[in-house]
1. Just grab the label-to-label distance for residue 426 and residue 23, each label 7 Å out from Cα along the Cβ direction, in nm (one decimal).
2. Tell me the label-point distance for the pair residue 91, residue 314, using the 7 Å Cα-to-Cβ offset, in nm and rounded to one decimal.
3. Debye sum, Cα scatterers, the stretch 117-237, no solvent: what log₁₀ I/I(0) at q = 0.15, 0.17, 0.21 1/Å?
4. What ranking of 423, 94 emerges when the number of other C-beta atoms within 10 Å of each C-beta is taken as an exposure proxy, fewest first?
5. Two decimals is fine: what is log10 I(q)/I(0) at q = 0.13, 0.14, 0.17, 0.22 Å⁻¹ for the stretch 312-442, from a Debye sum with one equal scatterer on every Cα and no solvent?
6. Give me the percent of DSSP beta bridges within the chain that run antiparallel, rounded to the nearest 5.
7. What is the distance in Å between the Cα centres of the stretch 379-405 and the stretch 36-79?
8. Just order 318-331, 360-373, 189-202 by mean Cβ neighbour count inside 10 Å, highest at the front, would you?
Ligand code: CA
């Protein structure tokens, strides 16, 4: 008789939902009793007034410690906060929050998750709600920042690969319908790193879910990213006391030499390499002269090691596994890849490919091939045919920082080429629905030395809501008004600090164009640059 109970429940929900025209606040409180979505359990509905500094006492400590996420968030608007627990299978579940602003525009937004994280990203919720999106962010099917929850837990892994975002979007849209009484008019997704991979996952496999995608620094070709990351750590070596180990200070010397050789390729010596793909530095210029202080120069082995670190990764049979890192993108590379320990992404070998007894410092090409054979649930996210997404009118605003020290921006370029080749589309044909911007001076989703603030908010300060300066309002303008972004204008703050004010702005070019300084004004004038 379970079905009878089911229908009684549905009827009760229907009657409650349509009972009266309650105020926004009343509707929010009432939502806890009226929300009827399969496999979904309401933890909390809470009316929050604009300006409230919301404390999140149950926020996972791993998220606070692991990625510095704050267990509190200021609400940017009057909103209804909904916290849900959703069963994604008999062995897995996820948490999701939906922030439903009073000034709803009719739009829906899902944020993404980076790295191995399962952490609700409250800044994404606040950003979306501020702009009038009904916004969801989930924990990606697990809490914390490591790959450990995937160990012998295929359902948790499946959530991580795609199902948590899919479920969050599906349930989130139903929450919107229940609360506001109508479906969202358009649905968007914005994510970076792991979130950039999630964006492309939906373009590849679930084209109907989102109308517009902001895909930042995507961890696509995911297994080979793991392979490459693990490999770079082995090249750097694990003996920090070895005379051949390259420490952080020496990486600073290497960075300066890279700039000396390549900064001017774009016409301006401004500390930013606009197109590092043109840069092939010769590191042997740094080989120590007799009696030189060895903390300022390289021995022969070190020079060879740096050269190897900047080469692509090839598999056993000579096929390309992962493109090279671009010169100049080394500022955060030391901290992540080259510091004498195994890179954190290599946990994949311990918790997915093999088991925790595996020492990722010993990875080799046979392991890379084995990891690629597994590719669980299609985590690679490397399918090049996006016809279905194009057909349904979807738009992709893709971007990648050229100082990204964690995911080589060359992977975004390679993918763009693969899509173009597979779909037999020239760049001008792709322009109709898929645009890729290379952001000079942007690190991994945030930071970097250049005009790197572009409106991803969670990943950096907000500078402007103008579609030309902001990738989120930019993709909305494209989807809804047909105004496609010709460039992404980034903002550089003085010393990288918003409190000190704006130092300059620069337009970042749409691939395959690159930025060239033409003058005559100073390089800080955006009109002194041209996309060619
Ligand atoms: Ca330059």
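1. 6.1
2. 4.0
3. Scattering profile of the stretch 117-237, log10 relative to I(0): -0.74, -0.92, -1.32.
4. Numbers: 423 15, 94 26.
Least to most surrounded, the residues fall as 423, 94.
5. Those come out to -0.71, -0.81, -1.10, -1.36, one per q.
6. On the way: 40 of 65 bridges.
So the antiparallel bridges in the chain amount to around 60 percent.
7. Their Cα centres are 30 Å away from one another.
8. On the way: 318-331: 19.6, 360-373: 16.2, 189-202: 28.2.
Put in order of decreasing packing, that is 189-202, 318-331, 360-373.
Every number in this text was worked out from the coordinates using simple rules, so none of it is lab data. It should be emphasised that the depicted structure is a prediction, and the values quoted were computed from it without experimental measurement. Using ideal geometry, Cβ is built from the backbone for each residue, glycine included, and neighbour counts are taken over all protein chains shown.
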